1. Which is free of Cβ contacts under 8 Å to residues at least 12 places away in the same chain and in a helix (DSSP H, G or I), of A:Ser341, A:Ser300, A:Ser316?
2. Do we find a residue being farther than 30 Å from A:Ser95 by Cα and surrounded by fewer than 16 Cβ atoms within 10 Å (Cβ to Cβ) anywhere in region A:473-488?
3. Of all the helices (runs of 4 or more DSSP H) wholly in region A:158-266, which have at least 2 residues that are more than 9 Å from every other protein chain (Cβ to nearest Cβ), out of contact with any Leu (no Cβ under 9 Å at 6 or more places or on another chain) and surrounded by fewer than 24 Cβ atoms within 10 Å (Cβ to Cβ)?
4. Mind telling me which of the residues D:Ser109, D:Ser95, D:Ser18 ends up being among the polar types (S, T, N, Q), closer than 22 Å to C:Gly88 by Cβ and within 7 Å of chain B (Cβ to nearest Cβ)?
5. In region D:51-61, which residue that is surrounded by 17 or more Cβ atoms within 10 Å (Cβ to Cβ) and at the interface with another protein chain (Cβ under 7 Å from one of its Cβ atoms) is modelled with the lowest pLDDT?
6. Can you tell me which residue among A:Ile494, A:Ile432, A:Ile419 is at pLDDT 90 or above, over 23 Å from the mean Cα position of the chain (by Cα) and either within 29 Å of C:Ile60 (Cβ to Cβ) or part of a helix (DSSP H, G or I) (or both)?
7. Quick check on region C:79-91: of everything there that is part of a helix (DSSP H, G or I) and facing another protein chain (nearest Cβ under 7 Å), which residue is farthest from the chain's Cα centre (by Cα)?
8. Which residues, counting only those in region A:403-431, are in contact with a helix residue (DSSP H, G or I) (Cβ under 8 Å, 6 or more places away or on another chain) and more than 13 Å from chain C (Cβ to nearest Cβ)?
Amino acid sequence: MSMDLVSASPAFVLGIPLLFAFLTPLANRVSKDLRDAMFVIGLLLTALFVGIMAYEVYTSGSWIYVFGSEESRPTQTASYFRIMFAADGFSALASITMVITALGAGLYSFAYMEGNTGMEKFYTLFFLTLAGVMGMVLTADLFNLFVWFEVTSIASCGLVAFQNYKVKSVEAALKYMFISVLGGLFFLVSIGLLYGEYGVLNFFLLADALTGGMIDKVALSIIIVVFAMKASSVPMHMWAPDVYAESPGSVTPFIAITSLGSLFVLTRIIFTLFRYSFGVAAVGHLLIILGLLSMFVGISMALKQSDVKRLIAYLSVSQIGYMLMAIGVAFATLDSADYSSFGAMALEGGLFHMINDGVYKALLFLSAASVVYATGIGDLNKLGGLAHKMPYTTMFFLLGGLSIAGVPPLSGFSSKLLIYQSVYLYHPILAIIALVVSIITFALIGKIFYSAFLGPDQGLTRGEVPRSMLVAMGILTVVVILFSLFPNYVVAEIVVPAVEGLGVVA
Amino acid sequence: MRKLVAFLAIMIIFAFLVITAVELRGDDGGFGEPVNTEMDEYFLENSQSHNQVNNIVTAILFDYRGLDTLGEATVLFAAVSGVLTVLRKMKPVKRGGKR
Amino acid sequence: MIDILLKDMWSPIVFIIVSLLTALVAYMFYRIGDEGYKRTRHKGEPFISGNMPPKDPRMIHVGGDNVFWGFTHALRKYLDPLVKAHTGIINDYVYWMVITMALVLIYVYLLI
Amino acid sequence: MNQWVIALPFITVALLISLGLYTILFKRNLIKMIMGLAIIQNGVNLFLVSLAYREGYAAPIWTSAPGEDMVLPTSHALTLTSIVIGLATTALMLSFVIMLKKHKGSVDSFKNRRCRE
């Protein structure tokens, strides 16, 4: 019995949020307290099953869960015709990132969203987004990936437009929805191409079947573009600042995590599907170009922003660039001896940066949301002197900000160090650009910190945000500090299994 | 200028789609002659013995790829929740300042 | 090639201990200083280009776009076209995506 | 040459997708842009369905099939799912447009550009 539970934990990671998405509107009929309790219980249960899955992966290795089959761990080809979830180190890393952020954003939502009507729909959409992202990172089936992609798009757009009295929110949601649906349709075209040519949809069967012909080239380049778009890579990043700035503050990190989830999916697809049939160097270079563009344009646009959430949104676009560059370097060196000397380090750095980025970006967005919550102002020209009345928020912001800027000894530095060094060995120019971008990031964090928190008290707020919001940010802070203090442990226990989960061993 | 570039981009995508359409399933294959049908043949052969269903598409929708159908229902549910959320009565929440 | 791997040398706990030790040394230097130093009347007040500081303390704060004004102003020839390209029109969002897709298709077709 | 004639359904799909892209890029009315998206949706659905076709084969239902010669069933299932997803996304997008029209009184994409820069 318990063995079955462990074996089926990937299904529960998807199923628990789905179940609670259906349950919260029903609980709302009974009482509001029950509904709120259900929300917390659902999040904690999801975290529990993610923990079970991750523990099993780290202690006794990865496995594949097949839906609706008699044998849950497949031995024959016929099992691969069904839909399957891959429970390996990579999905463990991805789902840990998702669930930490979801816990933070979820606890934060209670006080932040107070006073809004239709909260049961908010919780439903929250759970559906979580389920969609989990399905996206766990699945090993192309069409199933498309389905969860659409669930994520729809539910997160509903969340973005939740404050429908703000015209900007609705507008941002429409833009995000429009471009996601278009991307999803192109993704469906490439699924059709691959299915039409090879007659299978499973990642593993497809990886064996690919020949690297014209069909594969077109299908896979469309997939790269679509998922890079969802990961808010330049030049397809324009939806990201709109959505991050105009969504309700408590779910902004959650929307950001869906784009990080797309980056996870992109990594998995590239490493499982492109690897055996294609010239890996060209695809790696493509990712490096996208990464450099994202870093540079993201940071340049951030220089001109005066809205605090919009500025952080552009910073997050530039952070996506770091990860794309690291993955690109790792992939470009995959077939050569360079992989064992620095390519593996780049991949470790990229994956470590992803989990770091998910957490500290959530902290940063939530503290920015606290500023907006306490003062009602997001404009840096009007803010000032908040540190006098909001000491905790100031501290949280500083921690997240220094981490995103890569200041030692925080977690952002540990992962960026891996990226800098491996990228330097690949090409020194890349590392120099990355360093410059990092310095400007630091300057911009200084800008927000100086103009919003320092200075004489302007009397904009009466006091600190409610305690539950502080607790939510505190959880994320604890995670950031843990990652900061023990980076070697995190790399050895979480990141290295993820690299192995991608099927590459140095 | 912008219109010209956009038109060119559409043309390029169209060209690639046409090339793939012609190249799909080998040189002597093409429309109506799938090459790799192992998965579909498996479904055709076994859906009756596995599921006691005569309509094979039903067998695929509700058994072999049942998770997709669950996802499809979830999409509908999400869209309904989203529409109800967006079109609900607007009631601005005033916040910030000296509460 | 860098022979020494920085990542093997990097340990946050050692870093924190060393920073604390440095802070301790700095504090000891601080303690050596003259304790009899008296604050003069204008010590600690903001000095704004020889003008008298404004009466209202809120006016002292320099915030928002003014913080890196010089830097962004110097880069305006690079930044302004970039900002202008972010039009906020959905058609343009799709336009960039379609262009990227066309370029990537050509790139992959030519180079692989 | 024969190949091009045989591949005609696929070329139709490519045409539909390009037409939809053209509509999205060159029309300013949000409703028309969503219609363009629907054209692409239909093109993709046509693509998936036409992948299933085998000449002279029957529908994949045992009661009406003469023998074991049936078209590919998987892509029919995929198409059913994708049609429902298309419906859901279109509905949500149209509701966004309704809300924008309520707020601002415009369905012009050039006038709905409050988030920018």
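1. Answer to the check: A:Ser300.
2. no
3. Values: elements: A:167-198, A:203-209, A:214-230, A:239-246.
Where helices (runs of 4 or more DSSP H) fall fully within region A:158-266 and carry at least 2 residues being more than 9 Å from every other protein chain (Cβ to nearest Cβ), out of contact with any Leu (no Cβ under 9 Å at 6 or more places or on another chain) and surrounded by fewer than 24 Cβ atoms within 10 Å (Cβ to Cβ), they are A:203-209.
4. D:Ser95
5. It comes out as D:Pro60.
6. Being at pLDDT 90 or above, over 23 Å from the mean Cα position of the chain (by Cα) and either within 29 Å of C:Ile60 (Cβ to Cβ) or part of a helix (DSSP H, G or I) (or both) holds for just one of A:Ile494, A:Ile432, A:Ile419, which is A:Ile432.
7. Pass one, region C:79-91, residues part of a helix (DSSP H, G or I): C:79-85, C:90-91.
Imposing the further condition that a residue be facing another protein chain (nearest Cβ under 7 Å) reduces the set to C:79, C:82-83, C:90-91.
On the way: C:Leu79: 17, C:Leu82: 20, C:Val83: 19, C:Ile90: 31, C:Asn91: 33 Å.
Across region C:79-91, the extreme among qualifying residues is C:Asn91.
8. Within region A:403-431, A:Ile404, A:Ala405, A:Leu430 meet the criteria.
The values are calculated or read from the model by the stated rules, or taken from the named source; none is laboratory data. Because the structure is a prediction, the values reported are computed rather than measured. Reconstructed Cβ throughout: ideal geometry from the backbone, glycine too, with neighbour counts over all protein chains shown.
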